[in-house]
C-alpha cells in the first residue's frame, strides 16, 4: 500500500490513504442491507466483495452514501504521499521508537519491583524484535493507522456524545486482515499493531490535548466504561508529575486541559482483525476510503461533486489549522510538499460536518498552539 514514489510524472498518483467508518451498533443491519442493495445494482453476488469501485457520481452509489449518513455513520481518513517515504527514514524512526521505550524503562525502574522490571524488559525485547523485523510497508502502515485513530478518536467521542451517548458504552474496533491465508499463526503486523498503537495514541493525546468540549452528561457512558480516573475535574498532582517526567508535558498551568481514558482498555479490549469477505463493515469502509483516495488521485469525473458526496461523512477538526483529512509526513509532522496538489484535501475539508462551533474552534486553536509552545518539550 505504501511505496516510495519520487517520479515527478507519477507523484499525483502516489497518495496512500488509510481510513475507518464508524457504525452505530443499532444501525449494523441497515448498513448490511445498504451494502447488499449496492451489490445488487452492480451485479455482485451477496457473498462476494465489490472488487471495482463503482462510479462515485452514480445514483446508486450516492444513495449508498446517503444511507450511511442517515444511519449516523461517520468516515475518517489520513493520507500521505509515497514521495514522502523512504526506507532510511523509516529505519531511523524504528530506532527512535525503540530508544523511547528504553528511556521509559530507565525513568520508571526506580519505582518498580525486580519482577516488574523483568516483565517490562521482556516486553521491550519482544516489541523491539517486532519493530526490527517488520517491513517498511508494515511499519509505516502502523504509524499511519495509529495517527488516524488518534485524530479520529476525539471527534467520534464528541459526535456520539451529542447525538447518541449510549454508543460510547461499547466501542468495537474491527481491522482489515491483510495476511496471507496460507500462513499459520498471527502475522507480525497484527502483533506489532496491538503493541504499538495504543501507547502511540495515548502519548499523542498527552503531547497534544484533544478537542473534547465539556458536556454535562454526554460522556457518562464513556467514562463509566473507559474512564481513567479523572473527568473534567482537573488532573491530579501525581499525574501532572508523571507527565512531566515521562513525556516532557507540563500540565501544571492547565490542569483542566485533558480528560483521562484507559487507552489499553478502550483500544484493545474489544479489537480484532477480521477477513473482509466475512465483514460487511470492512467492505463498507473499503468502499468509502477507496473513493476518498480516488478523489485525492484525481481519478473522478468532478472533484467538486465527489467532495460533496463524500464530505458529509467526515467530521470537522476542532482545530482551524488541522483539516478533517490530515496529510501526514511521517518524519516531519504534517509538512507539505510544494510539488503536490492539496486542492482536493481542501475540498473534502470544506464539506465536512461541523460538530464544533466556530467560536470553540477559534478559541481551541489559539489555546492549543500556545499550550504546546509553552508546555511541551519536543
For residue 320, state whether it is crowded, with 21+ Cβ neighbours inside 10 Å and either at pLDDT 90 or above or under 30 Å from residue 163 (Cα atoms) (or both).
-> no
Test: residue in region 181-194 that is closer than 17 Å to residue 375 by Cβ, surrounded by fewer than 18 Cβ atoms within 10 Å (Cβ to Cβ) and more than 24 Å from the chain's Cα centre (by Cα) | no
Looking at (1) touching a helix residue (DSSP H, G or I) at 6+ places or on another chain (Cβ under 8 Å); (2) buried (at least 21 other Cβ atoms within 10 Å of the Cβ); (3) at pLDDT 95 or above, which is the only condition residue 308 fails?
-> (2)
Of the conditions (1) modelled with pLDDT of 90 or more; (2) touching a helix residue (DSSP H, G or I) at 6+ places or on another chain (Cβ under 6 Å); (3) farther than 24 Å from residue 274 by Cβ; (4) surrounded by fewer than 18 Cβ atoms within 10 Å (Cβ to Cβ), residue 249 fails just one. Which one is it?
-> (4)
Residue check for residue 34: in a helix (DSSP H, G or I), free of Cβ contacts under 8 Å to residues at least 12 places away in the same chain and farther than 28 Å from residue 343 by Cα = no
Which listed residue is assigned to a loop (DSSP other than H, G, I, E, B) and in contact (Cβ under 8 Å) with a residue 24 or more places away in the chain, from 288, 284, 325 = 325
Inspect all residues belonging to region 183-201 and state whether any of them is within 30 Å of residue 138 (Cβ to Cβ), touching a strand residue (DSSP E or B) at 6+ places or on another chain (Cβ under 9 Å) and not in a helix (DSSP H, G or I).
-> yes
If residue 178 passes every condition in (1) over 22 Å from residue 265 (Cα atoms); (2) assigned to a helix (DSSP H, G or I) but one, which one does it miss?
-> (2)
From 79, 90, residue being buried (at least 18 other Cβ atoms within 10 Å of the Cβ), touching a helix residue (DSSP H, G or I) at 6+ places or on another chain (Cβ under 9 Å), assigned to a helix (DSSP H, G or I) and touching a residue at least 24 places away in the same chain (Cβ under 8 Å) = 90
Can you work out which of the residues in region 9-28 that are assigned to a helix (DSSP H, G or I) and farther than 23 Å from residue 177 by Cβ is modelled with the highest pLDDT?
-> 27
Take region 354-378 and flag every residue that is within 17 Å of residue 75 (Cβ to Cβ) and in contact (Cβ under 8 Å) with a residue 60 or more places away in the chain.
-> 355
Taking residue 128, is it assigned to a helix (DSSP H, G or I), at pLDDT 95 or above and more than 14 Å from residue 212 (Cα to Cα)?
-> yes
Among what's in region 260-281 and is over 16 Å from the mean Cα position of the chain (by Cα) and part of a helix (DSSP H, G or I), pick the residue that is surrounded by the most Cβ atoms within 10 Å (Cβ to Cβ).
-> 281
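The values are calculated or read from the model by the stated rules, or taken from the named source; none is laboratory data. Not measured: the values here are computed from a predicted model. Positions of Cβ are generated from backbone atoms using ideal geometry, with glycine treated the same way; all protein chains shown enter the neighbour counts.
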